Amino acid sequence: MMLTIHGIKTSDTMKRARTWLDDHGIAYVFHDYKVSGIDRQSLERWCAAKGWDTVLNRAGTTFRKLDEAAKSGLDQDKAIALMLEQPSMIKRPMLEGEGVLVVGFKPEIYAAELKA
């Protein structure tokens, strides 16, 4: 199974997730939002599977710095527009593969999902 881990290279959580994958011998491709951006189809797929409120990183600095008008009246369309404009507002990591979509990183969830 080919896995892609989406996120930002400098994120501490990303570093822990990638180290976990490496330590368990699990092959993956790294997709850096900051370098390559993200496409609408991926965001729509993730939001449909996990909910836009799970995919949108409201705890991050980028979201918290938004003015109140940008934060108010959030729905899936508005959340996707924000994440397309500022990919650092996407929760990370996003681990995706055949039958696998994990938001965030917890070793026990990775182990269960990846049977590692």
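Among residues other than Pro107 whose Cβ falls under 15 Å from its Cβ, what is the net charge (Lys/Arg +1, Asp/Glu -1)?
Charge balance in the 15 Å sphere: 0.
Could you work out [θ]222 nm for the chain from helices alone, using -39500 (n - 2.57) per DSSP H run of at least four and dividing by all its residues? Round to the nearest 500 deg cm²/dmol.
Numbers: 8 runs with 57 residues, N = 116.
My calculation for the chain gives -12500 deg cm²/dmol from helical runs alone.
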Quiz item: Hey, of (i) -0.52, -0.69; (ii) -0.48, -0.63; (iii) -0.64, -0.71, which did the structure itself give for log10 I(q)/I(0) by the Debye sum over Cα atoms at q = 0.13, 0.15 Å⁻¹ when calculated?
Solution: (ii)
Quiz item: Over the chain, what is the percentage of antiparallel beta bridges among all DSSP beta bridges, to the nearest 5?
Solution: 60 percent
Practice problem: Please give the helix 12-23 orientation as an angle from the longest Cα principal axis of the chain, in degrees from 0 to 90, rounded to the nearest 10. | Solution: 20 degrees
Practice problem: Leaving ligands, DNA and RNA out of it, report the carbon-plus-sulfur percent of the accessible area of the chain at a 1.4 Å probe. | Solution: 48 percent
Quiz item: Per residue, how much accessible area does the stretch 1-86 have with a 1.4 Å probe, in Å²?
Solution: 58 Å²
Practice problem: Compute the long axis of helix 40-50 from its Cα atoms, compare it with the longest principal axis of the Cα atoms of the chain, and write down the angle in degrees, 0 to 90, nearest 10. | Solution: 80 degrees
Quiz item: Counting other Cβ atoms within 10 Å, which GluC sites (Glu not before Pro) in the stretch 37-111 have at most 13 and lie in a DSSP loop?
Solution: Glu98
Quiz item: So how tilted is helix 76-85 from the main axis of the chain? Cα-based, degrees 0 to 90, rounded to 10.
Solution: 80 degrees
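The values are calculated or read from the model by the stated rules, or taken from the named source; none is laboratory data. All values derive from a computational prediction rather than experimental measurement. Heads up, the Cβs are rebuilt from the backbone with ideal geometry, glycines too, and the neighbour counts pull from every protein chain shown. All accessible areas refer to the heavy atoms of the entire protein, side chains included, with ligands and DNA or RNA removed. Shrake-Rupley method; radii C 1.70, N 1.55, O 1.52, S 1.80 Å.
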